[in-house]
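Only one structure is covered here, and it is reproduced in the block below.
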Amino acid sequence: MAAENFAVTEHLVLRPMASGDAAALAAYRSDPMQARYQSWETPYAVDTAQALTAEMRDVRFAQPGSWLQVAIESAGRLIGDVAVRVDGDDPRQAEVGFTLAADAQGRGFATEALRAVIPLLFTEHGMHRITAVCDTRNDRSVALLERVGMHAPRSAPPEIRLVERRVD
Ligand SMILES: CC(C)(COP(=O)(O)OP(=O)(O)OC[C@H]1O[C@@H](n2cnc3c(N)ncnc32)[C@H](O)[C@@H]1OP(=O)(O)O)[C@@H](O)C(=O)NCCC(=O)NCCS
């Protein structure tokens, strides 16, 4: 049985990763431009992507302490992901990350995906604070976070921007 979608937006389906996503995931993670400010090395092997998609089978959306890669699908194709991790010690705080394949950038898709995931976390999963950790040299990422209403606290060190949004 197909897994349930997390959200459907005007252009995108946000859904769990599946084993059939491994080749596309490995392809965009292997692009040095997309990996530049990320935690993985390039090239990113299809086997590694396969292992990641298999791990994701056991992770629920907003499950405290675990990263979940939410697949971003457009026109039936995996074009990127939003990563979500609810804090294991404080389940009212979550962190998000995101990657789009190069050929899917510049069309507002990451904005559209985050604008779907952020309200899900606040409204359906009771988050009070959502953060993203982002290198300040990563201009597209900073611009994206600002577009979705996140901002850097004054105390953030200059090389790393911790962007946050709060609700009371
Ligand atoms: C960060 C990243 C996802 C941003 O991608 P992006 O394509 O710039 O962001 P969006 O998909 O929201 O698209 C915004 C662009 O589309 C344009 N756009 C077109 N239609 C739009 C719409 N309806 N809404 C918003 N933007 C739209 C915007 O003007 C903007 O283009 P510009 O930067 O030339 O002004 C992408 O650069 C990436 O994957 N980087 C590598 C991974 C990474 O570093 N992740 C962050 C780790 S913290």
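Any read-out appearing in this document is the output of simple, stated calculations on the displayed coordinates, not a laboratory observation. Values in this document were obtained by computation on a predicted structure and should not be read as measured data. As a convention, Cβ positions derive from the backbone with ideal geometry for all residues, glycine included, and neighbour counts pool all protein chains shown.
Counting pairs of alpha carbon atoms under 8 Å apart in space and at least six apart in sequence, what relative contact order in percent does the stretch 1-112 give? Before the final figure, lay out the partial values.
Working: 193 pairs, mean separation 26.4, N = 112.
Relative contact order of the stretch 1-112: 24 percent.
For the stretch 14-108, take the convex hull of the Cα atoms, compute a quarter of its surface area, and give me that in nm², please.
Working: hull surface 25.0 nm².
Computing the convex hull of the Cα atoms and averaging its projections yields 6.2 nm².
Taking the highest mean first, how do the peptides 47-53, 80-86 order by number of other beta carbon atoms within 10 angstrom per residue?
Working: 47-53: 16.7, 80-86: 22.7.
The most tightly packed comes first, giving 80-86, 47-53.
With r defined as the distance between the Cβ atoms of E41 and R147 and R0 fixed at 25 Å, what FRET efficiency is calculated, to the nearest 0.05?
Working: r = 29 Å, r/R0 = 1.16.
According to the calculation, E is roughly 0.30.
Using a Debye calculation, one point per C-alpha and no hydration shell, please list log10 I(q)/I(0) for the chain at q = 0.10, 0.18 Å⁻¹ in order.
Log10 I(q)/I(0), no solvent term: -0.35, -1.23.
Looking only at GluC sites (Glu not before Pro) in DSSP loops with at most 14 other Cβ atoms within 10 Å, what is the longest site-free stretch of the chain? Intermediate values should be presented prior to the final figure.
On the way: sites that count: E4, E10, E41, E159.
It runs 42-158.
So what is the 222 nm mean residue ellipticity for the chain from helices alone, if each DSSP H run of at least 4 adds -39500 (n - 2.57) and you divide by all residues, rounding to the nearest 500 deg cm²/dmol?
Value at 222 nm, helices only, nearest 500: -7000 deg cm²/dmol.
Treating the beta-carbon of each Lys and Arg as +1 and of each Asp and Glu as -1, no other charges, what is the dipole magnitude of the stretch 7-166 about its Cα centre, to the nearest 20 debye?
On the way: 18 positive and 21 negative charges, 87 e Å.
Here the stretch 7-166 has a charge dipole of around 420 debye.
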